[in-house]
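J.: For reference, the structure I am asking about is given below.
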Amino acid sequence: MIQQEITTPITVLAYDELSPEQRRLVDLAREYTGHSYAPYSHFCVGAAIRLGNGEIVCGANQENAAYPSGTCAERSACYSAGARFPGVGIESIAIAARGTDGQFTPLPCAPCGACRQALLEYETLAGHDVEVLLVGRESVYRLPSIKSLLPLAFTEIG
Ligand code: THU
């Protein structure tokens, strides 16, 4: 029998420990919580993606009266990036959320399973790790890659 362990490395950073580039992405993810359309959950999520060509593409969750038809912020952002800049790899993504009280969540909000799967495919297409910044009220969790969020992932193209 072989026993293996999977670990997820997380660096906890204060806002002033971030690089200017990271701050810009974090600021935009926070700002885009204001672009959320969430009349059903009142949970507003924003995402900002930096691409290999220097462009930043943002997204926000968009809900629908037919509930499953809505889209999370992360997929809104990565699908928009793919449509606007086809073939350009993702470098980094920041995600922020405001809860039903309208305040930024005290702890960082992590992407749902479907978003992890979607983002993993863009990481594979990029051919390198994609930095993940999960934004909380007081601190930011930095993860080195999407696959660190989704170990043992299903993949057809990798
Ligand atoms: N949501 C996101 O935008 N990203 C996630 O990773 C988790 C959930 C959205 C979906 C829905 O509009 C609301 O948050 C409540 O689940």
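The values are calculated or read from the model by the stated rules, or taken from the named source; none is laboratory data. In this text, all values refer to a predicted model and were calculated from it rather than measured experimentally. Counting neighbours? That spans all protein chains shown, and the Cβs are built from the backbone with ideal geometry, glycine included. In case anyone asks, the SASA skips ligands and DNA or RNA and just uses the protein heavy atoms, side chains included. Shrake-Rupley method; radii C 1.70, N 1.55, O 1.52, S 1.80 Å.
J.: Collect the residues in region 85-108 that are part of a loop (DSSP other than H, G, I, E, B), touching a residue at least 40 places away in the same chain (Cβ under 8 Å) and open to solvent by 50 Å² or more (accessible area, probe 1.4 Å), keeping them in residue-number order.
T.: Matches in region 85-108: T100 only.
J.: Let me ask something else about it. Looking at Y37 and the list (1) under 30 Å from L152 (Cβ atoms); (2) touching a strand residue (DSSP E or B) at 6+ places or on another chain (Cβ under 6 Å); (3) among the hydroxyl-bearing types (S, T, Y); (4) open to solvent by 50 Å² or more (accessible area, probe 1.4 Å), which single condition is not satisfied?
T.: Condition (1) is where Y37 drops out.
J.: Name the strands (runs of 3 or more DSSP E) wholly inside region 1-84 in which the number of residues that are touching a His at 6+ places or on another chain (Cβ under 6 Å), touching a residue at least 12 places away in the same chain (Cβ under 8 Å) and closer than 25 Å to L125 by Cα is 1 or more.
T.: Details: elements: 11-13, 44-51, 56-60.
So the answer is 56-60.
J.: Taking region 56-98 as the region of interest, how many residues are more than 15 Å from V130 (Cβ to Cβ), away from the ligand (no atom under 13 Å from the Cβ) and not aliphatic (A, V, I, L, M)?
T.: Number satisfying all stated conditions: 4.
J.: Condition check: polar (S, T, N, Q), away from the ligand (no atom under 16 Å from the Cβ) and open to solvent by 80 Å² or more (accessible area, probe 1.4 Å). Does T11 satisfy that?
T.: no
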